[in-house]
Amino acid sequence: MSTLARFLQVGFLVALAAGCKFTGSSDSVNTSIQISIPLRSLQLQPAAGCEAYRGYVADSLVQSMLDGGYYPPRLWGSDANGGPSASSPVAHDQGSVSGSANPSEVSHTNVQEEGVDEADPLQVDAAGRLYIFQGRYLVIAQGYPPAELRELSRLDLGGDGVSDVGLYLDEPRRRLVVIKHHYPSPSDGAADVPFNATEIAFVNIADPTAPVVTGRLYLEGYYAASRRVDHRIHLVSGSYLSLPMALQDDANFWEQVRRYSGGETSDDLKNRITETVRAAVNAMPLQELLPRSLRRDADGKVSDAGLLSCGQVLMPEVRLYPGFMTVASFDTDGTDAAATAIVNNAWQVYGSREHLYLAQTSGGWWWGEDKAVQTAIYQFDIGDAQPVYRATGSVPGWPLSAYSYSKHEGYLRVVTTETTSGNDGRLHTRHALTVLRDDGQGTLAQTGAVSGFGADESVRAVRYVGERAYVVTFRNIDPLFAFDLSDPAAPRVAGELEIPGFSTYMHPIDERHLLTIGSDGVSGMQLQLFDVGDLAQPRLLHRYALGVPAGYTSSTAQYDPHAFTYYAPRGLLAVPLSIWSDDSPAQSFNGVAAFHVDVSDGIRALGRIDHTDLAYQALCKAAKGDPNRPYFCDYGGYVSYGVPSRSVVMAQDDETYLYTVSDVGVKASTASTPGQVLGVLPLPVQMPTYEPLPLMRTQ
């Protein structure tokens, strides 16, 4: 994933959270005087027909006006550049693909649930071939043996260079699925798909030197999440209904809304606003009220994918701002596509082998400011056909992330945080672990819960391992709570351990040990190894701190589990590492750090891999003579492009090799001595636009 793409993705999520008056740290609502939405009002029902659906949309828009004059914006601007192109792959004749022996073992994407794959910009197959999606390019490279690291082919998928999302590799069927953002642009040949969309490209990789795009699917809106189970991909995208143009340009209407939100809440004014909105919605073509989907075949012909109709849109009784979440399923070659849509603004998706769960948190915003903070959870059955809505559950507060959920033997477990106002006038947080089960009647019914742990602290990490769960909270110390979930009717806190700092990601390395990454609570990243064999007495076995004086250390693996590469057969851990030191610039570093992890011997540093040289070569050598070059090159702006975000391990007999991937290239090295580079592959890089800043050169 490109640096700019990562920045835009994080920025969008922050903006979305801010726009929804929702934060993960404090929501200044007093739940003691607020009312929860009844579960029956959150459960979904299909629209009785197109007119009933149109009426629901109109009523929801009316409610948004009366709640404060807010309406959902267009999520992506219509003047964005980019989109798919019909470019052919660039094949590279660099010898036989199968001429080298294959590695005996390779690592794969770090996922939450075994057997449930997650999209990632880097995939690897058993032959040691790397599949890398960054910017607008799909690059296939021969990775093994490392000394023969080379590019096999390059496929230009179109776009503006920041449209990457991720890949799925269906190795047995020699298929690759590329998920990216689509921005319509006539200059890029994408005017026939006129809306911003999640684009899914299906690629035949039977010949890795000449990959072929066999078709594309476009789902209107932004990419939310996806999962792959066997040959089937399940993808969730979201879109918002734009306010009718007749209302956007009606100054008199907005004056009425302003007056109503300002306190003039007469029935006459309310009725005028209501009738104006309903008339505008009734005048809209039906296709503008439904999430759109299109398909492009191998010859470039675009047609309606026909995935959604009014009857395939599910709606709750409660009125929401008109946002749509499309749950689509399709084979890895694009066939047998089917979809269901719900009127919803879900912000989290969790997937098991049998189900997808979409979670929408109110935050005192989506369901009215006088309502308590609660999270509605929607369960969908997934398989080889259309996703089917089955049940709805509700829990108080909000979950931290998808890792807050776990499905085990028919039970869904979820950790949530709730903020309330105390009698002392201060905000207080409380947490709960709730167990839910589908009762077969459309309800995720609560079977048990435990609460009261980590009071007035924030949840930083959650991980489930079978009938156990681990939760890390933090304020001034780092309590690790161990839960016994063997009885779904009576989950309980079994043990607790307090240590400095906090963990943000926990990785089970075997049945009784957790390897974590997080912060020391001051300025440094730290790794910790816990013995959780005895739930009543979890123990810290080893700790490795990477703090530096007058500076800080951090890793993208602290918040992105895909960047956390642990290869159990060799006890090898690789994570991106950034070091900034004010006292000693020579200590500053951006790259990957490798460690050997052993429950007896502890955590030992093996070495580091730096991609800064590749970034300088790709971005600064070509910039000689550019008057703005000092800003980007002499002052180090290029360094951020050389920060590796992913790692792959390949092994053969006693040899273990580490491959690190950044926006500018791939480096292969021995795992025992990572600084010993065996192979290098530059990747295609979009040249940045140099913008000078008023900086003084220092020698």
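We did not get these values from a lab; they are worked out from the coordinates using the rules stated. Predicted model, so just to flag it, every value in this text is computed and none were measured. A quick note on method: Cβ atoms are made from the backbone with ideal geometry, for glycine too, and the neighbour counts reach across all protein chains shown.
Remarks
- Residues in segment 479-500 that a label on E409 would reach, taking backbone N under 12 Å of a point 7 Å out along Cα→Cβ: 485-489
- FRET E, pair A490, D424, Förster distance 35 Å, beta-carbon r, rounded to 0.05: 0.65
- Pairwise label distance in nanometres, D456 with D59, each label 7 Å out on the Cα-Cβ vector: 4.5 nm
- Stretch gain in nm, segment S104-R259, where the contour uses 0.36 nm per residue and the Cα spacing is subtracted: 48.7 nm
- Gain in span if fully extended, D439 to V522, counting 0.36 nm per residue against the direct Cα distance: 25.2 nm
- Using a simple spin-label model with pseudo-atoms 7 Å out from Cα toward Cβ, A385 and Q287 lie 2.9 nm apart.
- Cα→Cβ-extended label distance, 7 Å offset, between D336 and L678, nm: 4.0 nm
- For segment 213-260, size of Cβ-based charge dipole, Lys and Arg +1, Asp and Glu -1, in debye: 340 debye
- Sparse packing (at most 11 other Cβ atoms within 10 Å of the Cβ) combined with a DSSP loop state is found for none of the chymotrypsin sites (Phe, Trp or Tyr not before Pro) in segment 370-463.
- Peptide packing: for 135-144, 592-601, 225-234, the average count of neighbouring Cβ atoms within 10 Å per residue gives the ranking 135-144, 225-234, 592-601, highest mean first.
- Short-range pairs are left out: with C-alpha atoms under 8 Å and at least six residues apart, the relative contact order of segment 309-395 is 25 percent.
- Loop trypsin sites (Lys or Arg not before Pro), segment 382-437, which have at most 12 other Cβ atoms in a 10 Å radius of their Cβ (DSSP): R426
- Two-site FRET efficiency, I35 against D268, from Cβ-Cβ distance with R₀ of 35 Å, rounded to 0.05: 0.80
- FRET efficiency estimate (nearest 0.05) - Cβ-Cβ, E51 to D250, R0 22 angstrom: 0.40
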